[in-house]
Amino acid sequence: MTIFSQSVSPCGKFLAAGNNYGQIAIFSLSAALSSEAKEESKKPLVTFVAHDGPVYSLVSTDRHLLSAGDGEVKAWLWGEIIKKGCKEVWSRHPPYRSSLEVPEINALLLNPKENSLLLAGGDCQLHTMDLETGSFTLRGHTDYIHCLALRERSPEVLSGGEDGTVRLWDLRTGEEVQTIEVYRHEECARPQNGKWIGCLATDSDWMVCGGGPALTLWHLRSATPTTVFPLRAPQKHVTFYQDLILSAGQGPCVNQWQLSGELKAQVPGSSPSLLSLSLNQQPAAPECKVLTAAGNSCRVDVFTNLGYRAFSLSFS
Amino acid sequence: MSTESNKKRKPKVIRSDGAPPEGKRNRSEIDLEMKYYSEEAEVDIRDPNKDYDLYRFTCHELQRLMAEIQELKSRGSRDSASEIEERRIQSCVHFMTLKKLNRLAHIRLKKGRDQTHEAKQKVDAYHLQLQNLLYEVMHLQKEITKCLEFKSKHEEIELVSMEEFYREAPPEISKCEITMGDPHQQTLARLDWELEQRKRLAEKYKECLASKEKILKEIEVKKEYLSSLQPRLSSIMQASLPVQEYLFMPFDQAHKQYETARHLPPPLYVLFVQASAYGQACDKKLSVAIEGNVEEAKALYKPPEDSQDDESDSDAEEEQTTKRRRPTLGVQLDDKRKEMLKRHPLSVMLDLRCKDDSMLHLTFYYLMNLNIMTVKARVSTATEIVTPVSAGYVDLLSPDMILSCLYPGDHGKKTPNPANQYQFDKVGILTLSDYVLELGHPYLWVQKLGGLHFPKEQPQHTVTADNSLSASHMETTMKLLRTRLQARLALTKQFASLEHGIVPVSSECQRLFPAKIVSRLVKWVAIAYEDYMELPYTRDIVEAGLAEDTHLYYLALIERGTAKLQAAVVLNPGYSSIPPIFRLCLNWKGEKTSSNDDNIRAMESEVSVCYRELYGPRPGYQLLTNQLQRLCVVLDVYLETESHDTSVEGPKEFPQEKMCLRLVRGPSRMKPFKYNHPQGFFSHR
C-alpha cells in the first residue's frame, strides 16, 4: 500500500490519509496522542473508498475535506465523515479534453482569499475552480504537473511539473509570469535522475523545489538558485517550517535543513520512502500539534517533536 | 372570721340535735312530717344565690344586733334591758335562719356529692364499654390482616394469560360480562378454565399411553416376523450363488470385502465406509480396497481383555527384569517402541484417478497404540514425466512432499493426538517425525477422514471414530487431493521447461502478453529456505510471516542486455489456490529493489498482487508461468521507459518499442505496466 496524501481537519483533531487503492482513512490524532492511547486508537476510525484510482491529494477547507482522484474532485463534510456510509457532498470534473485515459490530479491547492481551488495534474494544465466565477484554465506546461504552491502576498501560484519547469502564474489575469527551468542550472541539475520537479514550497520571497534536480532554495525575484541542499535522493515533498526546511522523499528519513544548506537532522521513519508530510498547526488543537509523514507503506509516522518518531498510525 | 367559725360549729349541733326540733321552732303550723320531707324538696326550689344573699344579710343583721347589744350594755341603763331582750329575740330569729341555711347547704352538698358519684359511675361504665370496643376492634383488625395474608393455593397455579383466556375459553366459562369488571370472578373463571384444560390433557395423556402400548405390541409382532425372515433369506442367497457367478455380478465379492471390513479398526472402518460411499455416489474414479492379513486382524480382536492383562503383567515383569539385567535395557526400549508404533495389520487403499490417467495411491494405516492414522502416498503417471535434473530440486511428486500442507499448516510431522506425547516420553521417542517415513504421515485431514477428532487443549481419553466428521470432510479432501495432484503434475512439467529457459505460455493466455518480449528467463533454480532468508530484499516477506519452512523457494533470473532482474519466489504448498509471491532485485545502473525504487515495487505488485488475471484457463495451473512471463514484460516496460540521461553520449540502450499512453504518472512517477489486450498498448493501472 502507498499513502499518497494527508490532510488535517480544521479542528486539528483528525487526520485524513489517502492511498493508492482510492481509500481514505480518518485517524483521530487526539485519541492516538492521549496518554491512554491503545493500539486500537492508532487504527483509522473509519476507512472508505473515495475514488476508483489513487487519492493523490487531499486538502481541507473550513468545513470540507476535498479529495482528488483520477479526473475528479470530491468534497466530504468533516462533520459527517466519521459516520459510516458517508456520501460525498459534491463531485466535480475539471474540463478535460477527451483522451484515451483520464488524467490524474496530482495537486490541490486552496486559495483562501478568493475562495477557489486550484488543481493540476496529468493534463499539463492548471484549473481553478470557484463556485461564483466558474473556472478557467492555465496552459503552458509541456508535461504533467506534480505540485502547486501559493504565494501568499501576491495572487500568484507556482507550479512544478514533469517537464522540469517551475512556472509562476498570475491568478488575476491567468497569464504566465515567469518560467524557471530548473534543470538548466548546473548547480542543481542531475540528468541521471531526470528533470522533473516533484515538490515545491514558497514563502513568497523564496522558493524551494526538488525532484530529479537537487533540492534547491531559489530567490524568486531574481530567479537564481541560492542554496543547493546536498542530498542524492530525489525529494517528493518539501515545506517551510519556522526557519527550517523539511523535506522527504526516497529514503526513510525526514530531512531538516538550515536555510544555509546545512543538514540539521535526519529523522528516520518507518516507510522505505516518504511521499507526503503534514504539519498540524491548527490553533484549535494545540495538544495535537504534530508532524505526520506517509509514504510507501501502510503506516503514517507521527512526530510529536521534530527530533524523533513517536509512533505510527496504521492504515489497515 | 367570726361568721366562719360560727358556720363551722353549727353543723355539729344540727347533726346531734336532728332536724325535728328545728322544724318545730321555724314553721310551727305546718305538718312536721311534710316539713321534714319538704326540706329536701325545698332545696330544689330555692335559689342558692338568694340563699347566699340571705345568709350575708342575716350575718350582717346579727353583727349589727350584737353591736347594738354591746352598746346598750355598755351604757348600762335600765330600759336597755328590754331593748336587749328585743334584740336577743331578733338575734335568735336570725340564728334560726342561719341554721336553716346551714341545713340547706348540707343537703345541697350531699346532693351534689350524690350527683357527682352518679356521674362518675356513668363515666366508668362508658369507659369500660370503650375498652371492650377497642379490644374488639383490635381483634377484628388482626383477623382482617390474617385474612389478607392468607395464601390461597390457586396462586401457585400457572394460568394462561388474560388475552388467551378470553380468546380460547368458551363463553360459559369465561362469562365476559361478569368477569370483565370483577377480578375475583375473573380469577375463578380462569381457574375453572385451567381445570377444564387439565382434565382434557390428562385424558389425552391416557390416550397416548394406550396408543404407545399398542404400537409397541405391533413392533414386537413385526420383529418376530423379521427374525423369522432371516433364515429364509440366507437360503435364497445360497441358492442364488451359481446364478451370480454365471452373470458376473460381483455382489458377493463386495459382500466379502464388507466382511473383511468388519475386522477393520473403527477409524479405518469409518474411512472405508465413507470413502466407498462417496465413491459410489459422487466419484466413479475413486476406488477403495482393503489390504493386509485378515487372520492376524481376527487374532488381534479375539482375546482383547487377555492381551491387556498380558501387557500389564509384562510391564511389571519388565520392570523387574530391568532392575536385574541392565544390559538389555536398550533392546527392551526398542521393543517397547516397536510395540507402541505398531500398525494394525489391515490397511485401506484409496486410488484416485485423474482425467489424464495419472493416479494417486493412498494407503491409510492405523497405529493401534497411538490411536492415530497415517497415510502413505504414491503417484503413478500415464506418461513418463521429465523431472527437473538440477541439484537442489525437491521432487514435488515424492511421497514425502506431495501431500504436505494440503490444508494450511498441516505438515504431517507431529502427532495430532496430544495424548501421544506422554506415551512417547515413556519410551523415549522425541518426535514422531523420525518415524514418519516408515509409518506414513499423520496429517490432520487423515484423522478427520477416519472420524478421529482431537481437541487442541486437553487430551481426551476416549476418542471414538465419528462417521459424521469423516463424511463432512470427505468431499473437500478428495477434491483437494485431486487438485493437488494435478497442480503438482503441471508444476513438474513447467519446471522442466523453465530450467531450459523457456516460459511455456499456452495459447489461451497469449492475449495477456504483447507479441514481442525481449527479456528472457535465463535461470530457474530451487533454493533452500535458509538461502531465501538470507537474501537482502526478502526481509519484508519473512517479517510478514509469509515465508515458512514448509514452503518451496525458487530463484529466477531474467536478463535483457546489461539489466539483470533477480526474482525470489515463495511457492506455497497450496499452489495454485494460494499464489506465489515474488520479490525483485534489478541490477542495472545500481541495485534497485522495492525499498529504493517505487517502480520495482509496482512490478512486484503487478505479478504478486494482480495475479487473478494471470490464472489462465481454470483451474489455473498456469499461474506461475504466466507470472514469470509478465515479469519479462514489465521488465521490458521498465527498461524502455526509463528516462534517458541526456548527459551520456550515444543512443539509448533500450529503445522504446512498447506503445505507451504516458511514460510516467502521479507523484510516485509510475511506469505504465498494464497491458491492454486488443489494442496492444500499455497504460497505468
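A few remarks follow.
- Test: residue in the stretch B:644-655 that is open to solvent by less than 70 Å² (accessible area, probe 1.4 Å) and within 13 Å of another protein chain (Cβ to nearest Cβ): yes
- Across the stretch A:23-63, the number of residues qualifying as in contact with a strand residue (DSSP E or B) (Cβ under 9 Å, 6 or more places away or on another chain) and part of a helix (DSSP H, G or I) comes to 6.
- Single match in B:CYS632, B:CYS585 (criterion: surrounded by fewer than 23 Cβ atoms within 10 Å (Cβ to Cβ), touching a strand residue (DSSP E or B) at 6+ places or on another chain (Cβ under 9 Å) and part of a helix (DSSP H, G or I)): B:CYS632
- A residue that is away from chain B (no Cβ under 14 Å), open to solvent by 40 Å² or more (accessible area, probe 1.4 Å) and not small (Gly, Ala, Ser) cannot be found anywhere in the stretch A:1-8.
- Qualifying positions in the stretch A:131-157 - over 23 Å from A:HIS237 (Cβ atoms) and either modelled with pLDDT of 90 or more or within 14 Å of chain B (Cβ to nearest Cβ) (or both): A:THR142
- Annotation note: of B:LEU628, B:LEU635, B:LEU586, B:LEU663, the sole residue that is facing another protein chain (nearest Cβ under 10 Å) and of a type in the set (A, V, I, L, M) is B:LEU663.
- Among (1) within 14 Å of another protein chain (Cβ to nearest Cβ); (2) open to solvent by 70 Å² or more (accessible area, probe 1.4 Å) - the single one A:CYS124 does not satisfy: (2)
- Just one residue in the set B:PHE681, B:PHE673 is facing chain A (nearest Cβ under 9 Å) and within 28 Å of B:LEU498 (Cα to Cα); that residue is B:PHE681.
- Every condition in (1) modelled with pLDDT under 90; (2) assigned to a strand (DSSP E or B) holds for A:SER270 except the one numbered (2).
- Residue ID - nearest to A:ILE245 (Cα to Cα), chosen from residues in the stretch A:290-316 that are in a loop (DSSP other than H, G, I, E, B), more than 14 Å from chain B (Cβ to nearest Cβ) and more than 18 Å from the chain's Cα centre (by Cα): A:LEU306
- Note on the stretch A:89-102: among residues that are within 15 Å of A:LEU138 (Cβ to Cβ) and touching a strand residue (DSSP E or B) at 6+ places or on another chain (Cβ under 8 Å), the one that is farthest from the other protein chains (Cβ to nearest Cβ) is A:PRO95.
- Sole residue being under 26 Å from B:PHE682 (Cα atoms), of a type in the set (S, T, N, Q) and surrounded by fewer than 18 Cβ atoms within 10 Å (Cβ to Cβ), chosen from B:SER497, B:SER506: B:SER506
- Residue under evaluation B:GLU604, criteria (1) open to solvent by less than 20 Å² (accessible area, probe 1.4 Å); (2) within 9 Å of another protein chain (Cβ to nearest Cβ); (3) charged (D, E, K, R); (4) under 52 Å from the mean Cα position of the chain (by Cα), criterion not met: (2)
- Conditions (1) closer than 20 Å to A:GLY295 by Cα; (2) open to solvent by 30 Å² or more (accessible area, probe 1.4 Å): number failed by A:LYS38: (1)
- Selection status of A:GLU186, farther than 20 Å from A:GLU104 by Cβ, open to solvent by 10 Å² or more (accessible area, probe 1.4 Å) and without any contact (Cβ under 8 Å) to a residue 24 or more places away in the chain: yes
- Annotation note: of A:SER5, A:SER41, the sole residue that is hydroxyl-bearing (Ser, Thr, Tyr) and in contact with a helix residue (DSSP H, G or I) (Cβ under 9 Å, 6 or more places away or on another chain) is A:SER41.
- Taken across the stretch B:596-612, residues that are among the hydroxyl-bearing types (Ser, Thr, Tyr) and either touching a His at 6+ places or on another chain (Cβ under 8 Å) or under 28 Å from B:THR492 (Cβ atoms) (or both) do occur, with at least one present.
- Pairs, first within 16 Å of B:GLN566 (Cα to Cα) and without any contact (Cβ under 8 Å) to a residue 60 or more places away in the chain in the stretch B:612-635, second among the hydroxyl-bearing types (Ser, Thr, Tyr) and surrounded by fewer than 24 Cβ atoms within 10 Å (Cβ to Cβ), C-beta under 8 Å, six or more apart: B:GLN627/B:SER608; B:GLN627/B:TYR611
- One residue stands out among those in the stretch B:571-583 that are closer than 25 Å to A:SER270 by Cα and not basic (Lys, Arg): the one that is farthest from the other protein chains (Cβ to nearest Cβ), which is B:PHE582.
- With respect to being at the interface with another protein chain (Cβ under 9 Å from one of its Cβ atoms) and open to solvent by 30 Å² or more (accessible area, probe 1.4 Å), B:SER668 falls outside the description.
The values are calculated or read from the model by the stated rules, or taken from the named source; none is laboratory data. No experiment lies behind these values; they were computed from the predicted model shown. Here Cβ is always computed from backbone atoms with ideal geometry, including for glycine, and neighbour counts include all displayed protein chains. Just so you know, the surface numbers come from the protein's heavy atoms only, side chains and all, with ligands and any DNA or RNA stripped out. Shrake-Rupley method; radii C 1.70, N 1.55, O 1.52, S 1.80 Å.
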